[in-house]
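> Below is a structure I'd like to ask you about.
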Amino acid sequence: MTQPSIGTPDAFAAHLINLRETRLFRDYLEIREWILRLKALATPTGVPSAYWREELAGFEYMLDASPLVLEKLRHHSFHLTGLKVYDYRTGKEDRIPKFRAKMAMLESAEGARNLLVPEAPDLGGFGFEIDGALVNIDTLKFWEVMIALDKAALLGGFRDASPGNNDAGQRRVVWEIGAGWGGFARSFKVLFPRVSYVIVDLPETMLFSALYLKHMFPEARFYLHETGDTEPDWSADFLLFAHTDLEIVRPPRLDLVLNMVSFQEMTSEQVSGYVEAAWERGAQCLYSLNRERSFYNTELESVSQILSRRFWPHEVPVLDLPYTRLPEPATELRTLKVESKGTKKQKKKKAGKERDIVPKRFNNYRHIVGWRKTES
């Protein structure tokens, strides 16, 4: 007698029962209950911007997700990134030369190849396989951010971190404001395992990041902050806090604060709150990859203007095109030449002078590192 296929009702029901017994689904239930508790305690002052309220409504279904949905978690993260698995399926291979051209541009930076962390195939991870690496737009974005951080000399301390080489035996601490689906957190942790990675985000968004990171790092220690707790475990590998619990985010040290593509969607008050919090907690620098504000966001003045109240903002040039764009293969060398000339002129013009970053290209994404201002 042959075994029924997964398509038969009985076999499908049995398959779902088995999936509900997996660690992935148990983690999902735990994280979902945590998020629902956070949402129940939310105050009016924690209301997201109009943009984010609309985005959050789009994936509310994830609060009642089937195990089959969770197995393809990355497919559903398009709500946060706009990337869709359809664009990387069979028949879309004509885009691969453009990806190769972009990768060649990024590889031109010294030591860049060592900073590439390919997309993982887990939970529906997708992309084109290029030279043995699974790659999509997010992969290249995270790689480009790592290159920018390295060019700004911000990664040296993380490379040196070891059990016997950390100050006072403490782990170095990274704080990401708005971690999306958790992709950059994974990349950073793969490259620099001895770090405590702090995420502050909207509760609903952490349904993606917490679940993804728990799956990718099954041996890691996680701290999911409950409103009212007063002593976070700063030695954990990952610490996640709701944006409404920002006051409790006071790590014993703060080596790097960063935000990618979400300051631009916030209100001026919210961005100011994060900038003040980073400065008040002793952050030496704050990295931003954002537009000054998104086209449709009327609740924000300018990311760099707000950043400059507490930090000296400096642009770190990497490529002459935004992370969202892929070059035509034939333009690879021309693009690199333009970027290189621009960098030299900029360095010569700005040498020894304070940079005033009020962008002429208002809607371009830029790598900006803000260096801490002393208290006046």
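The values are calculated or read from the model by the stated rules, or taken from the named source; none is laboratory data. The model shown is predicted, which means the values in this text are computed figures rather than measured ones. All Cβ positions, glycine included, derive from the backbone under ideal geometry; neighbour counts span all protein chains shown. Heavy atoms of the whole protein, side chains included, go into the accessibility calculation; ligands, DNA and RNA do not. Shrake-Rupley method; radii C 1.70, N 1.55, O 1.52, S 1.80 Å.
> Please work out if Leu286 is among the aliphatic types (A, V, I, L, M), touching a Gly at 6+ places or on another chain (Cβ under 8 Å), closer than 16 Å to Ile199 by Cβ and buried (at least 21 other Cβ atoms within 10 Å of the Cβ). Spell out how you get there, then give the answer.
Details: among the aliphatic types (A, V, I, L, M): yes; touching a Gly at 6+ places or on another chain (Cβ under 8 Å): yes; closer than 16 Å to Ile199 by Cβ: yes; buried (at least 21 other Cβ atoms within 10 Å of the Cβ): yes.
Criteria met by Leu286.
This table checks each residue for (1) at pLDDT below 95; (2) over 22 Å from the mean Cα position of the chain (by Cα); (3) assigned to a helix (DSSP H, G or I).
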{"site": "Ala11", "(1), (2), (3)": "yes, yes, yes"}
{"site": "Ala14", "(1), (2), (3)": "yes, yes, yes"}
{"site": "Ile17", "(1), (2), (3)": "yes, yes, yes"}
{"site": "Leu29", "(1), (2), (3)": "no, yes, yes"}
{"site": "Glu54", "(1), (2), (3)": "yes, no, yes"}
{"site": "Asp87", "(1), (2), (3)": "no, no, yes"}
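> Let me ask something else about it. Within region 143-158, can one find any residue that is more than 15 Å from Tyr323 (Cβ to Cβ), open to solvent by 40 Å² or more (accessible area, probe 1.4 Å), in a loop (DSSP other than H, G, I, E, B) and touching a helix residue (DSSP H, G or I) at 6+ places or on another chain (Cβ under 8 Å)?
Within region 143-158, none of the residues are more than 15 Å from Tyr323 (Cβ to Cβ), open to solvent by 40 Å² or more (accessible area, probe 1.4 Å), in a loop (DSSP other than H, G, I, E, B) and touching a helix residue (DSSP H, G or I) at 6+ places or on another chain (Cβ under 8 Å).
> Going residue by residue through region 271-288, is there one that turns out to be at positive phi and not aromatic (Phe, Trp, Tyr)? Break it down stepwise before answering.
Pass one, region 271-288, residues at positive phi: 282.
Right, trim to not aromatic (Phe, Trp, Tyr) and you get 282.
The answer is yes, given that some residue of region 271-288 is at positive phi and not aromatic (Phe, Trp, Tyr).
> Looking at this structure, is Glu129 within 21 Å of Lys92 (Cβ to Cβ), part of a loop (DSSP other than H, G, I, E, B), open to solvent by 10 Å² or more (accessible area, probe 1.4 Å) and at pLDDT 95 or above? Full working, then the answer.
Numbers: within 21 Å of Lys92 (Cβ to Cβ): yes; part of a loop (DSSP other than H, G, I, E, B): no; open to solvent by 10 Å² or more (accessible area, probe 1.4 Å): yes; at pLDDT 95 or above: yes.
Criteria not met by Glu129.
> Using the structure shown, decide if Glu231 is closer than 21 Å to Glu30 by Cβ, at pLDDT below 95 and surrounded by fewer than 16 Cβ atoms within 10 Å (Cβ to Cβ).
It is true that Glu231 is closer than 21 Å to Glu30 by Cβ, at pLDDT below 95 and surrounded by fewer than 16 Cβ atoms within 10 Å (Cβ to Cβ).
> Hey, Val198 hits all of (1) touching a residue at least 12 places away in the same chain (Cβ under 8 Å); (2) in a loop (DSSP other than H, G, I, E, B); (3) under 18 Å from Tyr223 (Cα atoms) but one; which does it fall short on?
Unmet for Val198, out of (1) touching a residue at least 12 places away in the same chain (Cβ under 8 Å); (2) in a loop (DSSP other than H, G, I, E, B); (3) under 18 Å from Tyr223 (Cα atoms): (2).
> For region 242-267, what are the residues that are under 18 Å from Glu280 (Cα atoms) and not in a loop (DSSP other than H, G, I, E, B)?
Taking region 242-267 as the starting set, the residues that turn out to be under 18 Å from Glu280 (Cα atoms) are 243-259.
Matches in region 242-267: His243, Thr244, Asp245, Leu246, Glu247, Ile248, Leu256, Val257, Leu258, Asn259.
> Still on this structure, please answer the following. Looking at Leu68, Leu29, Leu73, which one is open to solvent by less than 40 Å² (accessible area, probe 1.4 Å) and under 24 Å from Phe217 (Cβ atoms)? Before you say what the answer is, go through the steps one by one.
Values: Leu68 fails: open to solvent by less than 40 Å² (accessible area, probe 1.4 Å); Leu29 fails: open to solvent by less than 40 Å² (accessible area, probe 1.4 Å).
Selected residue: Leu73, the only one of Leu68, Leu29, Leu73 that is open to solvent by less than 40 Å² (accessible area, probe 1.4 Å) and under 24 Å from Phe217 (Cβ atoms).
> Here is a further query. Under 8 Å by Cβ, and 6 or more places apart or on different chains, what pairs join a residue from region 300-313 that is farther than 15 Å from His367 by Cα with one that is open to solvent by 40 Å² or more (accessible area, probe 1.4 Å)?
Leu300/Arg293; Glu301/Arg293; Arg310/Glu276; Arg310/Arg372; Arg310/Lys373
> Out of the residues in region 33-52 meeting the condition of being at pLDDT 90 or above, of a type outside the set (Lys, Arg) and over 22 Å from the mean Cα position of the chain (by Cα), tell me which one is surrounded by the most Cβ atoms within 10 Å (Cβ to Cβ).
Within region 33-52, the first condition is being at pLDDT 90 or above, and the residues that meet it are 33-38.
Among the residues that remain, those that are also of a type outside the set (Lys, Arg) are: 33-36, 38.
Add one more test, that the residue is over 22 Å from the mean Cα position of the chain (by Cα), and what stays is 33, 36.
Working: Glu33: 10, Leu36: 14.
Taking the candidates together, the pick is Leu36.
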